[in-house]
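Notes for the one structure printed next.
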Amino acid sequence: MKISKLILAAAAVLGASTSSGAFAIDLYIDTKTKQIYGEPGSDRQPIGNFERAERAPSNNTTPASEAERTGQSTSGDRSARLKEKAERAQLVGKIESIEERVKESEKQLKLDKNGLQFETADKNFKFKIGGRIHTDYTHSSNDNFFFRNGTPIQANDGAELRRGRLEFAGTFFKDWDFKSQIDFADNSVGVKDMFISYRGLDFAKVNVGHQKQPFSRELQESSNDLMFMERSLMNVLNAPLVDRAIGLNVSHSGKNWTGQVGLFGESIDPNNNSIDESWGTSSRVTFAPINEKTKVVHLGVAGNYRKPSGSGQLFGPANGVRFRHETSHLTNLFPIDSSTIGNIEDIKMLGLEASGVYGPFSAGGEYTHSWIGRSNGLDSLSFDGWYGEAAWTLTGESRNYKEGKFHRVEPTQNFSFSKGGWGAWELAARVAGVDMNDGAFRAGEMKNFTAAVNWYVNSNIRFMFNYDKILEIKDSPLVTASGGKPSGLNTFMFRSQIAF
C-alpha cells in the first residue's frame, strides 16, 4: 500500500464524527512498513498530535440541504461548517507535511545497484555498504609439465572463490571520505583499499593509506570492470612494483584529463626482516581529446621510480623482486619465472596507454618498459611488456568511461524471461607479451592469446567465459615429459560475478 493511501486512511479516521466528545491523539509512522499507529514503538517516528472536534447537533429539524435551499440555516450551522473546514485544512496540511518527511527519509536511506546507502539531510555524513563475489572455475589441457629439477607439476583444474569482498565507504563533515575493502578470497582475510581522502581543496584531492599506485590503466581499473577475467601478461612487470601500497596520493581531474602523483612505501603486509622497506614515487596523466557518451579517445602516460628494500647494501636476494606469470589464479603453474632478482639498486618504469570507443566497438593497448639498476658490479636489466585488445558489444551498448578509466557495460535491457530482455553480450580478444630476457639473463619471453564472451545480465550480475592459449614461449622453466615447450597449453575459465 502506498504511503499516501495510509495517510488518507488516517485522515478518514481522524475526521470521522462517530463520537460525541473531542479528543487528541499522538500518531506515529513506522519507518519500515509505513503503517500508522496510535502508540510509540520500535522504528516508529512521531508525526504530530491530532485533535477531533465534534460539531454540536442542531435543534433545527430541517435537513441541512433543505435549510440551505430554503435559506433557513442558522448561524450555529454556519459556524460549525466553518470550524469543520478549518479542521480539515489543518489536517490536510499535516498530511502534506508527513508526506514530505517520508519522501525525505526515503532519500536518506536507499538500496539500489550501488549498494546500501545512508546520508543525513544536509549531506554532510554518508555511508555505503557494497561488495563483490567472483566465483571461478578453471580447466587446463596439455599441462603435463615438469620443473627443471624433475618435480612433476600440472595446472590445477577446479573451482575457487577468486574474490569475496565487503566494501565500506563514507563521508564525514562533507570534505572527508574513507574507503575500506576486506577480501575473503583464498579462505583468508586480506586488506585491499583502506584509505582516507580530503576533498576540501579546490585544486586537488588527497588520499592517505593503502591504495593503488597511479600507473597503468589496466591496473587502475577494477576487476569488476575488466573485459577479461585476469589482467594481461604486461601485468607481470607491473603487479610486483606498482600495485597497492601505503602512501600519499594527490590527484585532480577535469572533463577531459586526469593527473595523479604519489609517494608510496610497500603493501600492507608486515615487514618481517630487519631491512628498511622500499619506497617509490609514481605518477599518471591521461587526456581524452574526444570524450562523448559513445565516442572516446583516451591517451595516457605514467612513470614510476622505486628504491627496493636495503638498496645499495650487500643483502643479496633479500632485497629482490620476482616476476612470474601464472596461467590462472587457481594454478601453481608458472610458464615464465625470473626467480628472485637480488642486488637491485633502483627500478625505473615508463607506461604508455592508448584506447578508444566508437559505439559498440572498443580497442586499446598499453606498453610498459622497466629498467632495473643493479649494485655490486652486476649488469642492469631491461624488460618490457605489452597488450592489445578489442571488443564488440553485440547488443549495441558502449563501454563507460570516466576520469581516465573504462567501466563495464551496463545493459540497455536487463535479462528477463517475462519482459523479454536479454541483457548485454560482449565479445573480446587480446594478444599480449612480456620479454624478460636481456643479454645473458634469461628469465623468459612469452606471448599469449585470450578470447572472452561476457554476458551482462544487469548492472550488477555478469557471467564470463575466457579461453587462453600460449602462442610462443622461450626460456621457460617448464618442459614436457619429452623435453618440449609448454606452448600448447590451453586454459578455459568461467566466472559468475555480482558486484554492488
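Only one of these conditions is not met by residue 367: (1) farther than 19 Å from residue 239 by Cβ; (2) surrounded by fewer than 20 Cβ atoms within 10 Å (Cβ to Cβ). Which number is it?
Tallying (1) farther than 19 Å from residue 239 by Cβ; (2) surrounded by fewer than 20 Cβ atoms within 10 Å (Cβ to Cβ), residue 367 fails exactly one: (1).
Identify, from the list 390, 432, 443, 424, the residue that is in the same structural domain as residue 294 (by TED's automatic domain parsing), more than 20 Å from the chain's Cα centre (by Cα), surrounded by 19 or more Cβ atoms within 10 Å (Cβ to Cβ) and within 30 Å of residue 256 (Cα to Cα).
432
Working only within segment 458-500, note down all residues that are outside any strand (DSSP E or B), at pLDDT below 95 and not hydrophobic (A, V, I, L, M, F, W, C).
475, 476, 477, 482, 483, 484, 485, 486, 487, 488
When you scan segment 354-361, do you find a residue that is surrounded by fewer than 19 Cβ atoms within 10 Å (Cβ to Cβ), at pLDDT 95 or above, out of contact with any Leu (no Cβ under 9 Å at 6 or more places or on another chain) and among the aromatic types (Phe, Trp, Tyr), even just one?
Looking for residues that are surrounded by fewer than 19 Cβ atoms within 10 Å (Cβ to Cβ), at pLDDT 95 or above, out of contact with any Leu (no Cβ under 9 Å at 6 or more places or on another chain) and among the aromatic types (Phe, Trp, Tyr), one finds at least one in segment 354-361, hence yes.
When only residues in segment 427-457 that are in contact with a strand residue (DSSP E or B) (Cβ under 9 Å, 6 or more places away or on another chain) and not in a strand (DSSP E or B) count, which is nearest to residue 398 (Cα to Cα)?
457
When only residues in segment 335-347 that are surrounded by fewer than 22 Cβ atoms within 10 Å (Cβ to Cβ) and over 29 Å from residue 471 (Cα atoms) count, which is modelled with the highest pLDDT?
Filtering first and then ranking leaves 346.
Inspect segment 284-297 for any residue being within 22 Å of residue 191 (Cα to Cα) and crowded, with 23+ Cβ neighbours inside 10 Å and give the result as yes or no.
No, that holds for no residue.
Could you tell me whether segment 93-116 includes any residue that is modelled with pLDDT of 80 or more, closer than 30 Å to residue 460 by Cα and in a loop (DSSP other than H, G, I, E, B)?
Scanning segment 93-116 turns up at least one residue that is modelled with pLDDT of 80 or more, closer than 30 Å to residue 460 by Cα and in a loop (DSSP other than H, G, I, E, B).
Any residue at all in segment 388-395 that's in contact (Cβ under 8 Å) with a residue 60 or more places away in the chain, in contact with a helix residue (DSSP H, G or I) (Cβ under 8 Å, 6 or more places away or on another chain) and under 30 Å from residue 254 (Cβ atoms)?
No: zero hits.
Answer yes if at least one residue in segment 133-155 is in contact with a helix residue (DSSP H, G or I) (Cβ under 7 Å, 6 or more places away or on another chain), among the aliphatic types (A, V, I, L, M) and assigned to a strand (DSSP E or B), and no otherwise.
no
Condition first: in a strand (DSSP E or B), out of contact with any helix residue (DSSP H, G or I) (no Cβ under 9 Å at 6 or more places or on another chain) and basic (Lys, Arg). Now tell me which residues in segment 203-219 satisfy that.
Listed by number, the list holds a single entry, 205.
Scan 224, 207 and give me the residue that is modelled with pLDDT of 95 or more and either of a type in the set (Ser, Thr, Tyr) or surrounded by 19 or more Cβ atoms within 10 Å (Cβ to Cβ) (or both).
Going through 224, 207 in turn, just one is modelled with pLDDT of 95 or more and either of a type in the set (Ser, Thr, Tyr) or surrounded by 19 or more Cβ atoms within 10 Å (Cβ to Cβ) (or both): 207.
When residue 331 is evaluated against the numbered criteria (1) under 29 Å from the mean Cα position of the chain (by Cα); (2) of a type outside the set (Phe, Trp, Tyr); (3) under 30 Å from residue 252 (Cα atoms), which criterion, by number, is the only one it fails?
(3)
Within segment 257-282, how many residues turn out to be closer than 18 Å to residue 402 by Cα and touching a Pro at 6+ places or on another chain (Cβ under 7 Å)?
Qualifying residue count for the region: 1.
When the residues of segment 186-202 are narrowed to those that are in a strand (DSSP E or B) and of a type in the set (Ser, Thr, Tyr), which ends up nearest to residue 245 (Cα to Cα)?
Filtering segment 186-202 for residues that are in a strand (DSSP E or B) and of a type in the set (Ser, Thr, Tyr), the one nearest to residue 245 (Cα to Cα) comes out as 197.
Which pairs do you get when a residue that is touching a residue at least 24 places away in the same chain (Cβ under 8 Å), found in segment 186-212, comes within reach of a residue that is in a loop (DSSP other than H, G, I, E, B) and β-branched (Val, Ile, Thr), reach meaning Cβ atoms under 6 angstrom, with the pair 6+ apart or on two chains?
As it stands, the answer is 191/268; 210/268, since those pairs meet every condition given.
Which residue out of 418, 482, 459 is surrounded by 15 or more Cβ atoms within 10 Å (Cβ to Cβ) and either touching a His at 6+ places or on another chain (Cβ under 9 Å) or not acidic (Asp, Glu) (or both)?
459
If the Cβ limit is 7 Å and pairs must be 6+ apart or interchain, which residue in segment 218-238 that is under 22 Å from residue 361 (Cβ atoms) pairs with which residue that is part of a helix (DSSP H, G or I) and among the polar types (S, T, N, Q)?
What qualifies is 218/235.
For segment 156-185, enumerate the residues that are surrounded by 14 or more Cβ atoms within 10 Å (Cβ to Cβ), touching a residue at least 60 places away in the same chain (Cβ under 8 Å) and in a strand (DSSP E or B).
Passing the criteria: 160, 162, 163.
Going by the structure shown, is residue 384 under 30 Å from residue 215 (Cα atoms), in a strand (DSSP E or B) and among the acidic types (Asp, Glu)?
Criteria met by residue 384.
The values are calculated or read from the model by the stated rules, or taken from the named source; none is laboratory data. Bear in mind that the values here come from a model prediction, so they are computed numbers and not experimental data. Every residue, glycine among them, receives a Cβ derived from its backbone with ideal geometry; neighbour counts consider all protein chains shown.
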